[in-house]
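Reading through the structure tokens given below for one structure.
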Amino acid sequence: SLLYLQEPSNKRVRPLARVTSLANLISPVRNGAVRRFGQTIQSFALRGDSKSPSCAQKSCSKSAAPTPPKRRNSVLWSEMLDVNMKESLSTKEIKRQEAIYEMSRGEQDLIEDLKLARKAYHDPMLKLSIMSEEELTHIFGDLDSYIPLHEDLLASLGEATKPDGTVEQIGPILVKWLPRLHAYKGYCSNQLAAKALLDQKKQDRRVQDFLQRCLESPFSRKLDLWSFLDIPRSRLVKYPLLLKEILRHTPKDHPDIQILEEAISIIQGVLSDINLKKGESECQYYIDKLEYLDEKQKDPRIEGSKALLCHGELKNKNGHKLYVFLFQDILVLTRPVTRNERQAYQVYRQPIPVQELLLEDLQDGDVKMGGSFRGAFGNSDKAKNIFRVRFQDPSPGQSHTLQANDVFHKQQWVNCIRTAIAPFQRAAAAAELKELPELSEESEENNPSAPNVKAQKRQSAASGVAEMELDESTSECGSALDSEEAKGAKTHRTSSGHRKTREKQLSGKRKETLV
């Protein structure tokens, strides 16, 4: 039959796939294959693309060697105990020892991954001149220097482990060791620039081919290079969780209780400092990539920014892609551009200071993709996930209707902008409240008279414009003024005409504030 005739063909093809697959020429790292890794890659570079076309993706994946034993054979601490020892410990103590063992095992895995990143990626790429030493230093940073740091913790935990495998006290070890994690400030701060350079170098075919071959090999565990470079950061954020888990299973009368609480406070402080430093570095990274078309676009609040609250891609009402940055004091809209194979951001129109920024949360369908208002086109043109930002002062004439990819990203933007402008709204509301007594004193002069007719007309016109563009997000200011209005009305009861005049002025003032 046809199946019978095809069977021998399949049996001949599969061994060929195993021979030509890089995954099978590189055995797991534990057996010292890392030393031969450069030679293996070199032989493939000389050989060229000699892979048989008959090697389908499925057959190659089937022939791949198993993942390293340290990942496959993950054994719980309790599974290594003998029956008598297990019966002598309480369930709570077993869980506590499990949590301590998990921390120890994690340190061992981290050390192996850091060594792997150097031996399987950095050294071969340097030896084969796939990247320059400067580029590799920029991408890998001082990753090697953290290996002794984690080896010290692992050694301390080993010394504290009794012959029966239990650890009595771990708190003093952690309190002494955790402050040393401040060393990661520089590495984490450089991650954004390192990732950008790595992505740029991936456009090089040699780099792309090398990384793909590594990804297909068993030592990678299907993780790309960046996953290995990001392992230290992901490990850092796990420390508070690990410590809390140990603390949760520690008896209240145990001497570790207070010390573990102190250790948790230390690691949270370390992470806070690292995040702050990383945020400043990320902020400066994007500031350096801004390009200005006009000197008037430059604002000292951009250069002085230390925090980037939110950034990402949005579309304007014409459907053009913009990259928007919300720094702590100013909103900057840009157009992504490429300069000498490097990403840059061309500032689009005038940046809007946060204290002058107004936000309008628009409903789906309020604006069409072409920028027309409701009813101009068919329902198919209705835009979703939109909001509007503009200057408080209409004289600059800048208003941007922006569209997010989905409702989740829209809500993120709206929340970030509201959080940024909230302090300025409270300050403005407080300033308005201080002016209220002056308004009541001047009310006698605001009776109909020739000198004040123009002023009243201007105030009425401003109130009319303000009423057309009310912002829902500033309702707090209105409610605050309402309460002050009630308070003021109770205080000044000497004249009915006096009170009506004051209420009219407050109404106009509230509408201006709500814009």
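The values are calculated or read from the model by the stated rules, or taken from the named source; none is laboratory data. Computed from a predicted model, the values in this text were never measured in an experiment. Here the Cβ positions follow ideal geometry from the backbone for every residue, glycine too, while neighbour counts run over all protein chains shown. Accessible surface is based on the protein model in full, side chains and every heavy atom, while ligands, DNA and RNA are left aside. Shrake-Rupley method; radii C 1.70, N 1.55, O 1.52, S 1.80 Å.
Structure notes:
- Using the Cβ-Cβ distance between Asp393 and Lys277 with R0 = 41 Å, the FRET efficiency computed as 1/(1 + (r/R0)^6) comes to roughly 0.65.
- When each of Lys176/Lys222; Lys195/Lys306; Lys195/Lys238 is checked by Cα-Cα distance, pairs over 28 Å: Lys176/Lys222
- Greater than 21 Å apart at Cα, pairs in Lys317/Lys382; Lys92/Lys252; Lys201/Lys289; Lys298/Lys410; Lys321/Lys382: Lys298/Lys410
- Here the accessible area of the stretch 257-365 is 42 percent carbon and sulfur, with a 1.4 angstrom probe and all protein chains present.
- Each label was represented as a point 7 Å from its Cα along the Cα-to-Cβ direction; for Val237 and Ile257 these points are 3.2 nm apart.
- Table column - 3J(HN,Hα) (Hz), the stretch 237-244, Karplus curve with 6.51, -1.76, 1.60, x for Gly and Pro: 6, 7, 4, x, 5, 5, 5, 5
- Chain lengthening between Gln212 and Thr91 when straightened (0.36 nm per residue, less Cα-Cα): 38.9 nm
- Its Cα centre serving as origin, the stretch 73-288 has a Cβ charge dipole (Lys and Arg +1, Asp and Glu -1) of approximately 420 debye.
- Ordering of 126-136, 217-227 by packing [mean C-beta count within 10 Å, highest first]: 217-227, 126-136
- 3J(HN,Hα) from dihedral phi, the stretch 209-226, Karplus parametrisation 6.51/-1.76/1.60, rounded to Hz, x for glycine, proline: 5, 4, 5, 5, 5, 5, 4, 7, 7, x, 5, 6, 6, 6, 9, 7, 4, 5
- Per residue accessible area in Å² of the stretch 73-288, where ligands, DNA and RNA are left out and the probe is 1.4 Å: 49
- Label-point separation, Gln200 to His409 (7 Å along Cα→Cβ), nm: 2.4
- Proximal charge balance of Leu181 [Cβ under 13 Å; K/R count +1, D/E count -1]: +4
- Environment charge at Tyr239 (Cβ cut-off 13 Å; Lys +1, Arg +1, Asp -1, Glu -1): +2
- Distant-in-sequence amide contacts of Val367, defined by a placed amide H-H separation under 5 Å and a gap of 5 or more residues or a different chain, comprise Ala383.
- Euclidean distance between Cα centres, the stretch 219-298 to the stretch 90-167, Å: 17
- Asp209 sits with roughly 70 Å² accessible to a 1.4 Å probe, with DNA, RNA and ligands left out of the calculation.
- Length released on extending from Gln363 to Lys222, taking residue separation times 0.36 nm less the Cα-Cα span: 46.4 nm
- Close amide-amide hydrogen proximity is noted between Leu309 and Leu326, Phe327, Gln328, each under 5 Å apart and 5 or more residues distant or on a separate chain (H modeled in the peptide plane; Pro and chain starts excluded).
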